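Here's the structure, in structure tokens; my notes come after.
The values are calculated or read from the model by the stated rules, or taken from the named source; none is laboratory data. Predicted, not measured: the structure shown is a model, and the values here were computed from it. Note that each Cβ is placed from the backbone with ideal geometry, even for glycine, and that neighbours are counted across all protein chains shown. Accessible surface is based on the protein model in full, side chains and every heavy atom, while ligands, DNA and RNA are left aside. Shrake-Rupley method; radii C 1.70, N 1.55, O 1.52, S 1.80 Å.
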Amino acid sequence: MAKWTKEQTEAIEKSGSNIIVSAGAGSGKTAVLTERTIQKILNGGSIDRLLILTFTNAAAGEMKDRIRKELKKHNMTDELGYIIPNVRIIDSS
């Protein structure tokens, strides 16, 4: 597991409410959101109940790829099947 700061660990482990991860470029926002998503799914959360927003297509693609890899590693084929048709990038421009 990656070494997380105290604040990153709190964001990953926070339960019972929604969160906003806001920080400077290169601070690990994408990694934190990815890890939070993976942990929720591995702990029985349903991927179709999650809404994850990011501001760049690069970050969205990176999160999608990391989540997909982790789901494959854990043989979570139902969740993996959901990502392909349902994860979308919304362009607001």
Cut-off 14 Å (backbone N to label point 7 Å along Cα→Cβ of residue 78), residues of segment 29-58: 41-49
Segment 1-79, relative contact order in percent, only Cα pairs under 8 angstrom and at least six apart counted: 26
Candidate lysines for bridging to residue 3, where Cα separation is under 22 Å - those fewer than 8 sequence places away on the same chain excluded: 14, 29, 40, 64, 69, 73
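Please compute the per residue accessible area over segment 1-67 with all protein chains in place, 1.4 Å probe, rounded to a whole number of Å². Walk me through the numbers before you get to the answer.
On the way: 4690 Å² over 67 residues.
So segment 1-67 comes to 70 Å² accessible per residue, rounded to a whole number.
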R0 of 22 Å, Cβ-Cβ distance residue 43-residue 4: FRET efficiency to nearest 0.05: 0.85
Cβ-based net charge around residue 18, under 13 Å, with every Lys or Arg adding one and every Asp or Glu removing one: +4
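Using the Kirkwood radius over C-alpha pairs as Rh, can you work out the diffusion coefficient of segment 1-46 via Stokes-Einstein at 10 °C, viscosity 1.306 mPa s, in µm² per second? It would help to have the intermediate numbers written out before the result.
Details: Rh = 11.1 Å.
My calculation gives 144 µm²/s for D.
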